[in-house]
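Okay, so here's the structure we're looking at.
The values are calculated or read from the model by the stated rules, or taken from the named source; none is laboratory data. A quick note: this is a predicted structure, and the numbers were derived from the prediction, not measured. Cβ: placed from backbone, ideal geometry, glycine included. Neighbour counts: every protein chain shown. The accessibility values were calculated without ligands, DNA or RNA, using every heavy atom of the protein model including side chains. Shrake-Rupley method; radii C 1.70, N 1.55, O 1.52, S 1.80 Å.
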Amino acid sequence: MTLRHLLPHIRDAAGIRRLLDDLDAGRPTLRAVDLPSAARPAVIAALAHHRTSAAIVVTARDDRADALCAAANEFFPVDRQAVVWPAPDGLPYEQLPFELTVSTQRVALLDALLTRTEPASVVFTSVRGLSHLVMPPHELSEHRRELKIDDRLDAPAFVRWATRLGYQVTPLVQEPGTIARRGGIVDLFPPGAEQPVRIDLFGDVIESIRTFNPSTQRSDRRLRSIILLPPSELPFWRLPEAAAAVAKLDLRRLRDEVRDEWGRMIDRMESGVTPPSVDLFAPYLLPEPADLLDYLPVNGLLIVDEPDAVALAGRQLEDHAVELVNAFVANGELPPDLPRPYASPTDLAVHRTNRQVVDIGAVALERDVDVVELSDIVEAPAFAGRLARLTDEVGERLIHGWQVVLATDQVDRLTEIFEERDIFPRRDKRRDPGEPLPLTPGTLDVVASDQ
């Protein structure tokens, strides 16, 4: 289902227009209140679409970020679909296995925020997602590399460069973040690419760059160039330095088996091998720790869904992290004095001071903000199968010039019901509908839902 043809009408609603005008006036912080939950995806889409720069939407929970992103995408054009920043699976200090595929997704997203100007990125994240540490923007830019046809490339040196950044050597390249070499052919799957790429060398000159199918390993499209990114949001090239710092920790309080495992892990890190729970050592890899919001451009927009809920989730995350680390230290599973391996939720307050912010929802603690009431946007009535009431109310609104869209998984049946009552929904008879036609006043559209 797509509702993007409604976006111009949503932006023209009186309350939304006031909000957008205040945004254009450069107000540092705005608060939209009295907004029904069901209308939030549309309002978020209107705010993000109104701006040409990137936007980050912060929610309290992972499932809320997923749901809001999916709903908002119904209003976004195809070339500007919003995405969800992958939050860590566990809480800080839980020492979960490292997932290379998820890591490559994060890098691609950070690069899009850093380099894309149009269409600008729209990213949804939870508080847990914001807690995840990443390399600062300038480091990602410095390790971004472009290869072109006819460039010179030393294959062994290139593989060493890639593995130092964190690419994993495999016999066949099928997953993001992996690399393989066979003579003068180098295969790798860089972050952000839909398919892996095959680099054919003639001596030390790049003769061709082609995508290939990871299942069949057969070459596909020819490319003139390819952008390569590090496979992780953490700078794995600093693993040997991190190992030296970790080795200085007091490991005497660890249980014997845990201490032995830490010794082996430090040895692997010294060799540049990624440890299973690498997030735990993020502070040793990051002389300048950053988080997702550091990638939001200075002219970007920060949208906070229910600021009080976000603040509460941040406090709870930090409380749980402190409880966990204290328990692990007491049980001899972690050494004392580990630096904090996550971004403190209080860092969000710092980011609020240098970005334009829109809070959606009431805030218990009053701040110096401009409040925009959206009381003219109301919840849609629930009809619960009462079709006569539905057709009567829709007909009444159409008479007064409303533009009405109904989403259903029974398009034909609902259309027949309206036609039986002399209300004729629009029928799009184009062979290739493509983008939906704009709605005119007094028009009803019955569209297929995605439920």
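Take peptides 277-287, 245-255 and line them up by average Cβ neighbours within 10 Å, highest first, as a rough protection proxy.
277-287, 245-255
Taking the full set of protein chains and a 1.4 angstrom probe, give the accessible area of residue 9 in square angstrom, rounded to the nearest 10.
70 Å²
Show me the ranking of peptides 188-194, 57-63, 296-302 by mean Cβ neighbours inside 10 Å, starting with the highest.
57-63, 188-194, 296-302
Which value in nm describes the separation of the simple spin-label points at residue 320 and residue 409, placed 7 Å from the Cα toward the beta carbon?
Taking the two extended label points, one gets 3.2 nm.
May I ask for the angle, rounded to the nearest 10°, between helix 256-270 and the longest principal axis of the chain, with both axes built from Cα atoms and the value confined to 0 to 90°?
Helix 256-270 and the main axis of the chain meet at about 90 degrees.
Give the percent of DSSP beta bridges with both residues in the chain that are antiparallel, rounded to the nearest 5.
Here the antiparallel bridges make up roughly 40 percent for the chain.
If DNA, RNA and ligands are ignored and the probe is 1.4 Å, what is the ranking of 19, 91 by accessible area, most exposed first?
Largest to smallest exposure gives the sequence 91, 19.
Determine the share of region 197-355's accessible area contributed by carbon and sulfur atoms, expressed in whole percent, with a 1.4 angstrom probe.
For region 197-355, the apolar C and S fraction of the accessible surface comes to 50 percent.
Assuming R0 = 35 Å, what is the FRET efficiency of residue 397 and residue 24, from their Cβ-Cβ distance, to the nearest 0.05?
Efficiency for this residue pair is about 0.70.
Quick check: at a probe of 1.4 Å, how many percent of the accessible area of region 51-107 sits on carbon and sulfur atoms?
Solvent-exposed carbon and sulfur of region 51-107 make up 55 percent of the total.
Compute the long axis of helix 155-165 from its Cα atoms, compare it with the longest principal axis of the Cα atoms of the chain, and write down the angle in degrees, 0 to 90, nearest 10.
Roughly 70 degrees between the two axes.
Quick check: the angle from helix 14-24's long axis to the longest principal axis of the chain, C-alpha only, nearest 10 degrees?
40 degrees
Run the simple label-point estimate for residue 149 and residue 200 please: 7 Å along Cα→C-beta, distance reported in nm.
Each label point is offset 7 Å from its Cα along the Cβ direction, giving 1.1 nm.
For residue 337 and residue 96, calculate 0.36 nm times their separation in residues minus their Cα-Cα distance, and state this gained length in nm to one decimal.
Separation in residues times 0.36 nm, less the Cα-Cα distance, equals 84.8 nm.
Just to confirm, what accessible area per residue do you get for the chain at 1.4 Å probe, in whole Å²?
It amounts to 48 Å² per residue over the chain.
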